[in-house]
1. Failed condition for residue 326, given (1) more than 19 Å from residue 7 (Cβ to Cβ); (2) surrounded by 23 or more Cβ atoms within 10 Å (Cβ to Cβ), with all others met?
2. Considering only residues of the range 330-355 that are more than 18 Å from residue 46 (Cβ to Cβ) and among the charged types (D, E, K, R), which is surrounded by the most Cβ atoms within 10 Å (Cβ to Cβ)?
3. Could you check the range 151-179 and list, in sequence order, the residues that are of a type outside the set (A, V, I, L, M) and over 22 Å from the mean Cα position of the chain (by Cα)?
4. Looking at the structure I just gave you, is residue 193 within 27 Å of residue 103 (Cβ to Cβ), part of a helix (DSSP H, G or I) and among the aliphatic types (A, V, I, L, M)?
5. Got a number for residues in the range 287-323 being crowded, with 22+ Cβ neighbours inside 10 Å, among the aliphatic types (A, V, I, L, M) and either under 16 Å from residue 252 (Cβ atoms) or assigned by TED's automatic domain parsing to the domain that holds residue 101 (or both)?
6. Just for the range 37-69: of the residues that are in a loop (DSSP other than H, G, I, E, B) and of a type in the set (A, V, I, L, M, F, W, C), which one is surrounded by the most Cβ atoms within 10 Å (Cβ to Cβ)?
7. Residue 28 - would you say it is not assigned by TED's automatic domain parsing to the domain that holds residue 345 and not aliphatic (A, V, I, L, M)?
8. Kindly provide the set of residues from the range 10-47 that are among the aliphatic types (A, V, I, L, M) and within 15 Å of the chain's Cα centre (by Cα), ordered by number.
Amino acid sequence: MLSQNPDLSQLNATIAVTGLKTGDNPQPGVPVIRSIRAAGFMGKIIGLVYDSMESGIYLEDLVDQVYQMPYPSAGAEAFLSRIEYIVSKHKIDVIIPTLDAEVILYIRLGDELSKLGIHTYLPTEECFLLRDKTKLASYFPPKGIAVPETSLISEPSQVIASKDQFPLMIKGRYYEAYKANNVEEGLKYYYEIESRWGLPIILQKLIPGDEYNIVIVGDGEGGILGMVPQKKLVITDKGKGFGGVVVNNPDLFDFAHKVISLLKWRGPCELEVMRGFDGVYYLIEINPRFPAWVRLAEGSGQNQPAAVVLKALGEPLEPLPACKAGTLFIRHAEDIIADVSVMGQISAKSELIRR
């Protein structure tokens, strides 16, 4: 069968996408939407935001409507109540969540969303929890997948006790990761992460080597519908890739296939992988959503967001084409000009109806 990208030009549906912030720590929503539009989609797109300063709100041609959501920490009841209100104003056929902290809510609310006519393409709760940063080092190594030595800490004294192991990576359970070269830096990052994301804090052995990121759509049965690996070329001080190139690496493909086959992951995810100078591939993280660089997949010939839309709706999907190695992305920041009344509508009404 000839591989081809999904064509959404004839799809009559409304798609909601979360995470419209761009900037130095961008969220994936804007590139996900642009990939969907690149597949010819002419229907309505709704942006679901948490903050009136999410910059994608102010792009005139990006979304037709915007609704502000309660933060996931508000709980499932508040979350579902807001979605029910939005659906009372306009139907939603598919939601693509793009932020780690909200994905578990969409998974747990799957039955309720289905009753509202909303479809998602997400893993099971069990599968989602297995990829948690706190569980990687216990679940994968016995199955033949290398993971850097990892420990969970909840006291600053444990940073001091690790003084002979620096440099280390110090991470929050959901977000943020820093290289700490010594105890002083470790304590600084410990307190910063604790204040924003709580405990536990993760200490992980630093693996010198080459860093790769892989965006994948799993079929839920251990197979892969699409996979695009990139090597970072430009990295910010927060470790975010602002430039990268698609690579053709059979060993990396095999490694990713093994991870996904063990998890039986359904939907989009991103693997962060290090190839150590010892030649071993190490699984660093599994992010349960599209990455902010997902347009590189589309640009290299594999439109994964469009594929997720079709899979969510239960539509037939042709095999996705192989990605083109050597495809490059460089992130470009630009100013968005808008009237302050747009911010006023979001702030006062928690919604914006453009079209």
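1. For residue 326, the exception is condition (2).
2. Among them, the one singled out is 331.
3. 151, 154, 155, 156, 157, 158, 162, 163, 164, 165, 166, 167
4. Yes, satisfied.
5. 2
6. The selected residue is 63.
7. Spelling it out, it is not the case that residue 28 is not assigned by TED's automatic domain parsing to the domain that holds residue 345 and not aliphatic (A, V, I, L, M).
8. 17, 20, 30, 32, 33, listed by residue number.
The values are calculated or read from the model by the stated rules, or taken from the named source; none is laboratory data. None of these values were measured; they are calculated from a predicted model. Every residue, glycine among them, receives a Cβ derived from its backbone with ideal geometry; neighbour counts consider all protein chains shown.
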